[in-house]
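One structure is given here, and the rest of the page talks about it.
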Amino acid sequence: MGHRKHSAPRRGSLAYRPRGRAKSLLPRIRTWPKIESEKPTILGFPAFKAGTIHVITVDDRAKTPNFGKPLFNMSSVLSLPEAEVVGLRLYSHEDGRDLPIADVKAAGQTSEKLPLQRARRVAAMISTVPHDVGLSQKEPIVMEVGVAGADVKSQADYVLGLIGKKVRFADVFKAGMYVDVLGITKGKGFEGPVTRFGVKRKQHKSRKSVRAVGVIGPWHPAAVMYTIARAGQMGFHQRTETGKRILLAANAAEKPITPAGGFLHFGEVRGDYAVLRGSVPGPARRFVMVRFRARGVTKSQAPPQVVELSPMIGR
């Protein structure tokens, strides 16, 4: 590289290393946000990606050039089955990590016999059945969802009162709120460094190879750094999309949204659904977790004014 006259930017962000395959189709939620609320609430809700549509809304962002004007939004449609609360789990914080100290899986229990003095975090175990939204899988998906608001005792009583009952998306989230979406991206298999990291193809006749990295490391030290773009797995990674605004939350029986012929690779949207502005990780039918926003400035959460939906385009 001694002949280079200009510096070149590095290829591929180091924030997404290692780029390995996800271990499961279900995302692993490492952080649950803390919210200030007088009443406890669960912080997430399971969903399945149905497809994309176009939504025209009125821009309600003050101090913007388009304030009050129609705004064209590419949006994602999520199918929302009912989630059943099947248990409670308490965590304590010891030696720098969270350890489970109590599990409750039977309805009608009280928090009197639970070790609430040691508890630092409360989680709810929820179950959802993909078959309820028209998918082939009949085995339920059981996941852990964080709980926040009030104090630990109030959170435990809140979850104990929900065991054996079903929760709907509208009980947790409202139109206008900003949420995070966690999911597994589309898998693209084994790819080379040009496709995987966007490195530049070498000049004609400069090397025997064209779509390979010119130098993978120095002579001394004779080692290949982890920052070098190499071939490997592309896609099927866990990603978190932050700051997605809920444009619409409704029921398909009251307000149908399925285009003619159904959403591609998904079919008809049944029951509850939500429309989120922007993209959502993964292909159609992929499981995603909708979570309270973990970071960012709290914006106005008033319901947006939806002018028009175009499901015919969103295939």
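Only the coordinates and a few stated rules stand behind these numbers; no lab work does. Remember, predicted model here, so these are calculated numbers, not experimental data. With ideal geometry, Cβ positions are generated from the backbone for all residues, glycine too; neighbour counts draw on all protein chains shown.
From the phi angles alone, apply the Karplus equation (6.51, -1.76, 1.60; θ = phi - 60°) to the range 125-130 and give each ³J(HN,Hα) in whole Hz, x where the residue is Gly or Pro.
Ordered by residue, 3J(HN,Hα) equals 8, 10, 10, 9, 10, x Hz.
In the range 1-55, which trypsin sites (Lys or Arg not before Pro) fall in coil by DSSP and have 16 or fewer other Cβ atoms within 10 Å? List each step's numbers first, then the result.
Values: sites: Arg4, Lys5, Arg10, Arg11, Arg19, Arg21, Lys23, Arg28, Arg30, Lys34, Lys49; in loops: Arg4, Lys5, Arg10, Arg11, Arg19, Arg21, Lys23, Arg28, Arg30, Lys34.
Passing both the DSSP loop test and the Cβ count: Arg4, Lys5, Arg10, Arg11, Arg19, Arg21, Lys23, Arg28, Arg30, Lys34.
What ranking do 56-63, 118-125 get when scored by the average of other Cβ atoms within 10 Å per residue, highest first? Before the final figure, lay out each step's value.
On the way: 56-63: 13.0, 118-125: 20.4.
Put in order of decreasing packing, that is 118-125, 56-63.
Report, in listed order, any pair from Lys202/Lys244; Lys5/Lys208; Lys49/Lys165 with a Cα-Cα distance greater than 31 Å.
On the way: Lys202/Lys244 39 Å; Lys5/Lys208 23 Å; Lys49/Lys165 24 Å.
Among Lys202/Lys244; Lys5/Lys208; Lys49/Lys165, the Cα-Cα distance tops 31 Å for Lys202/Lys244.
Output ³J(HN,Hα) for the range 27-42: one whole-Hz value per residue in order, computed from phi by the Karplus curve 6.51 cos²θ - 1.76 cosθ + 1.60 with θ = phi - 60°, and x for Gly and Pro.
Couplings: x, 9, 8, 8, 9, 10, x, 9, 10, 9, 8, 6, 10, x, 8, 6 Hz.
Roughly speaking, what % of Cα-Cα pairs in the range 16-145 are separated by over 20 Å, rounded to a whole number?
On the way: 5475 of 8385 pairs.
Everything past 20 Å amounts to 65 percent.
Roughly how many debye, to the nearest 20, is the charge dipole of the range 158-309 about its Cα centre, given +1 on each Lys and Arg Cβ, -1 on each Asp and Glu Cβ, and no other charges?
Values: 27 positive and 8 negative charges, 175 e Å.
For the range 158-309, the charge dipole is close to 840 debye.
Quick one: check the C-alpha center-to-center distance for the range 63-137 versus the range 10-32, whole angstrom.
Result: 21 Å between the Cα centres.
Just to confirm my numbers, what's the Cα centroid distance between the range 167-221 and the range 263-285 in Å?
When both Cα centres are located, 23 Å separates them.
In units of 2.2 N^0.38 Å, what is the alpha-carbon radius of gyration of the chain?
Values: Rg = 23.5 Å, N = 315, 2.2 N^0.38 = 19.6 Å.
Cα-based Rg divided by the globular estimate yields 1.20.
Would you mind working out the magnitude of the charge dipole of the chain relative to its Cα centre, with +1 at each Lys and Arg C-beta and -1 at each Asp and Glu C-beta, to the nearest 20 Debye? Each step should come with its number before you reach the end.
Numbers: 53 positive and 24 negative charges, 510 e Å.
So the dipole magnitude of the chain works out to roughly 2440 debye.
Report the semi-axes of the equivalent ellipsoid for the range 183-267 in whole Å, largest first, where each axis is √(5λ) for an eigenvalue λ of the Cα gyration tensor. Can you show the working numbers first?
Working: eigenvalues 400, 56, 23 Å².
Values for the range 183-267, descending: 45, 17, 11 Å.
³J(HN,Hα) across the range 147-164 via Karplus (A = 6.51, B = -1.76, C = 1.60, θ = phi - 60°), whole Hz, x for Gly/Pro?
Running phi through 6.51 cos²θ - 1.76 cosθ + 1.60 with θ = phi - 60° gives 10, 9, x, 6, 10, 5, 5, 5, 5, 5, 5, 5, 5, 4, x, 9, 4, x Hz.
Pull up the cross-link candidates among the lysines for Lys166, meaning alpha carbon to alpha carbon under 18 Å and not fewer than 8 places away within one chain.
The qualifying lysines are Lys105, Lys138, Lys174.
Enumerate the amide H contacts of Gly51 below 5 Å, restricted to partners 5 or more residues apart or on another chain; note that Pro and chain-start residues carry no placed amide H.
Val77
Quick one: pull the percentage of alpha-carbon pairs in the range 168-229 with a separation above 19 Å. The partial results should precede the final answer.
Details: 1131 of 1891 pairs.
So the portion of pairs separated by more than 19 Å is 60 percent.
Taking the Cβ of each residue in Thr195, Thr185 as the centre, tally the other Cβ atoms inside 10 Å and list the residues starting with the fewest.
Thr195, Thr185
Show the residues, 5+ positions off or on another chain, whose built amide H is closer than 5 Å to the amide H of Ala212.
Distant-sequence amide H within range of Ala212: Lys202.
Please give the calculated 222 nm ellipticity per residue for the chain, where each DSSP H segment of at least 4 residues contributes -39500 (n - 2.57) and the sum is spread over every residue; nearest 500 deg cm²/dmol? Walk me through the intermediate numbers first.
Numbers: 2 runs with 16 residues, N = 315.
Here the helix-only value at 222 nm equals -1500 deg cm²/dmol.
What does the charge dipole of the range 239-308 about its Cα centre add up to, to the nearest 20 debye, if the Cβ of each Lys and Arg holds +1 and the Cβ of each Asp and Glu holds -1?
Details: 12 positive and 5 negative charges, 97 e Å.
Charge dipole of the range 239-308: 460 debye, to the nearest 20.
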